1. Quick one: Cα centre-to-centre distance for the stretch B:214-289 and the stretch B:39-91, in angstrom?
2. Non-local amide H neighbours of B:V147 (under 5 Å, H modeled in plane, Pro and chain starts lacking H): which ones?
3. Where both partners of a DSSP beta bridge lie in the protein assembly as shown, what percent of those bridges are antiparallel, to the nearest 5?
4. Which percentage, to the nearest 5, of the DSSP beta bridges contained in chain B is antiparallel?
5. Over chain B, what is the relative contact order in whole percent, taking alpha-carbon pairs under 8 Å and six or more residues apart?
6. If one takes the longest principal axis of the Cα atoms in chain B, at what angle in degrees, from 0 to 90 and to the nearest 10, does the Cα axis of helix B:170-182 lie?
7. What do you get for the angle between helix B:198-211 and the principal long axis of chain B? Use alpha-carbon atoms, 0 to 90 degrees, nearest ten.
8. Any idea what the relative contact order of the stretch B:51-176 is, in percent, if you count C-alpha pairs under 8 Å spaced at least 6 apart?
Amino acid sequence: MKIVRPAKAGTMESNDIYIMVYPNENGNEIQLDSIVLKQFGNQIKKVIMDTLNELEVENALVVAKDRGALDYTIKARVETAIKRACE
Amino acid sequence: MRRSMLFIPGNNPSMIQNSPFLGADSIILDLEDAVSLDEKDSARCLVRNALLSLDFNGCEKVVRINSISSGFGYDDIDAIARIKPDAFLIPKATEDDIEEIDSLISTIEREEGFKLGCIKLIPLIETAFGVEDVFNIIKSSKRIVAVLLGAEDLTADMGIKRTKEGEEIFYARSRIASVCAALKVDAIDTPFTDVNDFEGLRKDAEKAKLIGMSGKAAINPRQIDVINEVFSPSFDDINWAKRVIEAYEKAKMEGKGVFALDGKMVDAPILLRAKNIIEKAKAIGLIKG
């Protein structure tokens, strides 16, 4: 999927994650801010990257502000943001 | 067993992941009224991933889709039916909608290799026409396992005031309860909207039970305990039912068709009521099977 416009999904509420997606020049890139960055930062990044790969996204900048989201929420919000960015 | 069915907004991760542990028999993940128009896609995706990932702790997983006429309903069915929820709740259900949705789900069940008919339907009756047509609506699909009365929309449709006492929905409740009993599906009562009035909730639930409703929808987790209590057999009921069945067994041994308990005649309908109480108590876990 090709990112053609900036898009966002999710909220800043507890247990959610706010995802912003932008077109990128050189592959996929993640900028993460999380209340549990030290403990789960790598796992959150992995879920985001796995979701991008699953959707066959190659050039996206993902800016994520995490409020303690579980994996299913991270995946859902990334999927939604990507679909909105590709429409 | 659907004593309590709890509505949960479909775009709220916090409420979704806590919902299986609140004591409700069924969780209704709502893609319709609880989700704004510009977040329908997001809620659909979140509910889909939640159903794929979370353990719902034995609760029935129901998804309220948007109506077919809204334009969102088709996408809801296509995304959610493929991960096999227990049931769909269909807003403002009509015979035509149910037939079309049944057919769409059948196609998906075949494509996904699911057992045909495994996804159930619960029509939401919330128009005057729906109340009058409820018999035909239930008959329009073998997937239907329950009917839910939506009194807020119903009273709006009829142009009448909705009150706490609920006299205005006596007919709708009675009709739905009677038709559901005739067609052997559950009759689920409308939610009680004052989430801070537990005495009012209890009275409302007891009124619905008296008429024949088998459960009640909840819009707040704090309503679940009262609803479950009202729609469960009491210990007095269970003790009475046990005594009836014991007396029946004894009379049968003695070759008697009709017998008396506490000075009152016990015949087939009373025996059936006692057996139903025992079955319900077993299903809830109040007595061992």
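Derivation of every value follows stated rules applied to the coordinates shown; laboratory data play no part. Owing to the predicted nature of the structure, the values given are computational and were not obtained by experimental measurement. Here the Cβ is made from the backbone with ideal geometry for all residues, glycine too, and neighbour counts use every protein chain on show.
1. 35
2. Residues meeting the criterion, in which the H sits 1.01 Å from N, are B:D186, B:A187, B:I188.
3. Numbers: 13 of 47 bridges.
Counting only bridges with both partners in the protein assembly as shown, antiparallel ones make up about 30 percent.
4. On the way: 3 of 31 bridges.
The antiparallel proportion sits near 10 percent.
5. Details: 484 pairs, mean separation 43.5, N = 289.
This gives 15 percent for chain B.
6. Between helix and principal axis, roughly 80 degrees.
7. The angle comes out at about 70 degrees.
8. Details: 177 pairs, mean separation 25.9, N = 126.
Contact order relative to length: 21 percent.
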